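Where a number appears in this text, it was derived from the coordinates with a stated rule and is not lab data. Bear in mind the structure is a predicted one, so any value in this text is a computation, not a measurement. Glycine also receives a Cβ, built like all others from the backbone with ideal geometry; neighbour counts cover every protein chain displayed.
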2 protein chains.
Amino acid sequence: MVSERGLEVLRAIVQDYVDTREPVGSKTIVDRHAFGVSAATIRNDMALLEDEELIVAPHTSSGRIPTDKGYRVFVDHLAEVRPLTPAQRTAISSFLEGPVDLDDALSRTVRALTQLTGQVAIVQYPSFERANVSHVELVQLGSGRMLVIVVTDTGRVSQRVSNVQDEFDETDLGRMRAELSTLLVGRSVRDGLHRIETHLALHDDPTKPWDAATRVLARAVAEDLEEFRQDRLVLAGSANLAKRESDFRGSIYPLLEAIEQQVTLVRLMGEMVADEHGLAASIGRENEAFGLAEASVVTSDYDATGAGARVGLLGPTRMDYPTNLAAVRAVARYLTRMLEEDDTSR
Amino acid sequence: MVSERGLEVLRAIVQDYVDTREPVGSKTIVDRHAFGVSAATIRNDMALLEDEELIVAPHTSSGRIPTDKGYRVFVDHLAEVRPLTPAQRTAISSFLEGPVDLDDALSRTVRALTQLTGQVAIVQYPSFERANVSHVELVQLGSGRMLVIVVTDTGRVSQRVSNVQDEFDETDLGRMRAELSTLLVGRSVRDGLHRIETHLALHDDPTKPWDAATRVLARAVAEDLEEFRQDRLVLAGSANLAKRESDFRGSIYPLLEAIEQQVTLVRLMGEMVADEHGLAASIGRENEAFGLAEASVVTSDYDATGAGARVGLLGPTRMDYPTNLAAVRAVARYLTRMLEEDDTSR
DNA sequence: ATTGGCACTCACGGTTGAGGAGTGCCAGCG
DNA sequence: CGCTGGCACTCCTCAACCGTGAGTGCCAAT
């Protein structure tokens, strides 16, 4: 069993290792931390910690480094989330000043977060699960092209140019618009897709010209909805991976791959379980199933009122968890507040 | 002066070096290429090439590698663009089947290109320089929010949610829409921005309610136009950089940075000078001003009919130029054809 | 339970030396 | 004059070696 002091030793090891990138030995610990006991005693504790697989020695007669399990214990029991400095707070709020547009708000958020932490920052769009269609709009572009726009009540906009091969007068256009609107507005994205499908199956009579066109447009709308369905991410700071490359034993290829594909990250962030403060961390091997065994992700939920989602950071397993958890928490709070202010005007 | 055979030797060195990643010596050349002369003769040629700074020896008694200047001569005089295999052609066309939407077309193109070459693929949006505003649309979202949409005749769509703090009836809405449309439709993006500015300066009377709203909307439209102004890129395959990391002496950080910022790449691609076939290459140190001294970019112009732009590849200086040039050329042609087919329906 | 002492392990850095790839140069040859 | 074989030379690469020092595990003493 690991003693109370043993856990303190673990904390010291994690802190020093994150700090110096060097395996930390018993001597270093008594030097840098005021334990009031001798190096030999620390050594005994370290042997215990090693038995519990919380730390490991890269080779005989070298200092110890935390295992993934060790980081986990550190994050769960030992790390107090470090509050941000005033300077950091003002930095965030200066980043997030002013935007109304959801796209704008999220892209600023992600930049603030990467700038604050030097890690790869990730912001999820508000979950499609709770998004309802609030508007469907058709804009005729000429030459038989139609711009099809769908808006959800979470503020997401998706648009698509569709080729209907025909021109329409205001009456027809209004009809099609009304038809699609009654079909979708107020419905969830999932429902909407389903209703379009059944609608297409029912109205399979291509004789009336606008009916054929409506079918084409319905398909375009379905594609728009499909886009909402895949929870999209906004990312920033991927270049930072190159800086921290030595922190990843292998290549950073799988990380860049995950960043580019996004879907892996969406699933990973979706499966993480947040604590009572909305914070979550997934460490090293815990991400093995996603091909990211050498990386960690910390997230914080935002927008607790309605269709929430997460902001997160992706970085090496050896990251500064207290600081990064604080950063995602702070940014998530700012973002929540910003979206709530918006809500009052809705 | 470098002899005819000397240039052949240069070609052999470039080819072998790209192939093997090893400095190539005189012996290797006579083995792998049928020059019909002895190694000593090749050595004499190589000494000449070294005098011309076309090749260089990493250290005494090692083989030679091409200098950037050497690659330049190779690309300009020695590389015949290698035609694609039928398999590659079908791969491209299967990638590019069907899309009408410009966004769709470009994102498929970029994926085709990265899949084909294993490099970072870049596609520029059709140049804003020749883009004219074709539509301005206002969609009321409720709660004082307005979706402002601007479309250009090159097919680009930009949208933005603006907060007008008010509801409007159809008449007012039509008035504002008409006002903005007459101001912008048919004008270039640059003109449009200018006209909005002067318009804002003239109508500075905040007493009439819709006039205040129009001003807010005009600002939103201006932001939309601003977005067109920055020639945006579509990118894919940045993870490939990690695979080829050893090809870059230093870090891949500046490359990832350029990819994330985009603006560097836009300028770089803008400054490249294409040959009579629309192909261009920028090699190694030639990119020093952009912080990419160890990278090369090859591009091909597309859409020669109207608002053209470029598709390109970003990779290590030591890349397979013949194949990559062939790839960008082929993909550019497909893309041009696709957009032209589209034009006929306009 | 804690500690000082001590023998032991092993990564790290520098040195040395053999091997080998490749060069530059030169004299000879067609 | 261009080409060739020969040869001495350079210097990178690799492996072996070794001293140093950090850090450990263990133990007897407190």
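The Rg/Rh ratio for the range A:220-294 is 1.04, where Rg is the radius of gyration of the alpha carbons and Rh is the Kirkwood radius. The simple spin-label model puts a point 7 Å past each Cα toward its Cβ; for A:HIS277 and B:ASP191 those points are separated by 5.8 nm.
Taking other Cβ atoms within 10 Å as a rough exposure proxy, B:LEU173, A:LEU255, A:LEU233 sort from fewest to most as B:LEU173, A:LEU233, A:LEU255.
The mean sequence separation of alpha-carbon pairs under 8 Å and at least six residues apart, normalised by the residue count of chain A, gives a relative contact order of 18 percent. For the range A:214-346, the relative contact order comes to 17 percent (Cα pairs under 8 Å, sequence separation of at least 6).
Sorted shortest first, the separations between the A:VAL56 label point and its copies elsewhere in the assembly read 4.2 nm; each point sits 7 Å from Cα along the Cα-to-Cβ line.
Over every Cα atom in the protein assembly as shown, the radius of gyration and the widest Cα-Cα span, Dmax, amount to 29.6, 91 Å. Distant-in-sequence amide contacts of B:SER296, defined by a placed amide H-H separation under 5 Å and a gap of 5 or more residues or a different chain, comprise B:GLY284, B:GLY315, B:THR317. Neighbouring Cβ atoms from other chains, within 10 Å of the Cβ of residues in B:236-242, number 6 on average. The 3J(HN,Hα) values that the Karplus relation (6.51, -1.76, 1.60; θ = phi - 60°) gives for the range A:55-70 are, in residue order, 9, 8, 9, x, 7, 3, 6, 9, x, 9, 10, x, 7, 4, 4, x Hz. Gly and Pro appear as x.
Taking +1 at the Cβ of each Lys and Arg and -1 at the Cβ of each Asp and Glu, which of B:THR214, B:VAL30, B:VAL185 sits farthest along the dipole of chain B towards its positive end, judged by Cα position relative to the Cα centre? Comparing the listed Cα positions along the dipole, B:VAL30 ranks first. All other residues whose Cβ lies under 13 angstrom from that of B:LEU255 are scored, Lys and Arg at +1 and Asp and Glu at -1, for a net of -2. Each Lys and Arg Cβ is given +1 and each Asp and Glu Cβ -1; about its Cα centre, the protein assembly as shown then shows a dipole of about 1300 debye. Since only B:ASN287, B:PRO58, B:THR152 are under comparison, the one whose Cα sits farthest along the positive direction of the charge dipole of chain B, derived from C-beta charges on Lys, Arg, Asp and Glu, is B:PRO58.
Projecting the Cα positions of B:THR336, B:GLY315, B:TYR302 onto the charge dipole of the range B:252-346 (unit charges on Cβ atoms of Lys, Arg, Asp and Glu, taken about the Cα centre) puts B:GLY315 furthest along the positive direction.
Axis angle, to the nearest 10 degrees, between helix B:189-202 and the longest C-alpha principal axis of chain B: 30 degrees.
Using the Cβ of B:ARG32 as centre and a radius below 13 Å, the other residues enclosed give a net charge of -3, where K and R count +1 and D and E count -1. Spacing of the modelled spin labels on B:ARG219 and A:ARG82, each 7 Å from Cα toward Cβ, amounts to 3.9 nm. Over all orientations, the range B:57-118 has a Cα convex hull whose mean projected area works out to 6.8 square nanometres.
In chain A, the longest principal axis of the Cα atoms and the axis of helix A:86-95 are about 20 degrees apart. When you count the other C-beta atoms within 10 angstrom of each residue and take the mean per peptide, B:130-137, A:325-332, B:17-24, A:150-157 line up highest first as A:325-332, A:150-157, B:130-137, B:17-24. Take every Cα pair under 8 Å whose residues are at least 6 apart in sequence, average their separation, divide by the length of the range B:79-234, and the relative contact order is 25 percent.
The spacing between the range B:83-155 and the range A:71-125, judged by their C-alpha centroids, is 32 Å. I want the local charge near B:SER158. Using Cβ-Cβ distances under 12 Å, sum +1 for each Lys or Arg and -1 for each Asp or Glu among the other residues. Once positives and negatives cancel, what remains is -4.
Rounded, prolate or oblate: which one fits chain B, using the alpha carbon gyration tensor with axes a ≥ b ≥ c (rounded when a/c is under 1.5, else prolate when a/b beats b/c, else oblate)? Cα axes put chain B in the prolate bin. Inter-part distance, the range A:34-66 to the range A:224-271, computed on C-alpha centroids, equals 35 Å.
The angle between the Cα long axis of helix A:4-20 and the main principal axis of chain A comes to about 70°, on a 0 to 90 degree scale.
Given +1 at the Cβ of Lys and Arg, -1 at the Cβ of Asp and Glu and no other charges, the dipole of the range A:133-229 around its Cα centre is 280 debye to the nearest 20.
As a proxy for reagent exposure, A:MET319, B:MET338, B:MET1 were ordered by neighbouring Cβ count within 10 angstrom, fewest first; the result is B:MET1, B:MET338, A:MET319. In sequence order, the range B:244-249 has phi-based couplings of 9, 4, 5, 6, 9, 4 Hz under the Karplus curve 6.51 cos²θ - 1.76 cosθ + 1.60, θ = phi - 60°, and Gly or Pro positions carry x. Relative protection proxy for B:62-73, A:79-90, from highest mean packing down: B:62-73, A:79-90 (other beta-carbon atoms within 10 angstrom). Evaluated with a Cβ-only charge set (Lys, Arg +1; Asp, Glu -1), chain A carries a dipole of roughly 800 debye about its Cα centre, given to the nearest 20. Evaluate the Debye formula for the range A:4-76 with equal point scatterers sitting on the alpha carbons, no solvent, and hand back log10 of I(q)/I(0) at q = 0.15, 0.17, 0.22 Å⁻¹, in q order, two decimals. Values, matching the q order: -0.40, -0.52, -0.91.
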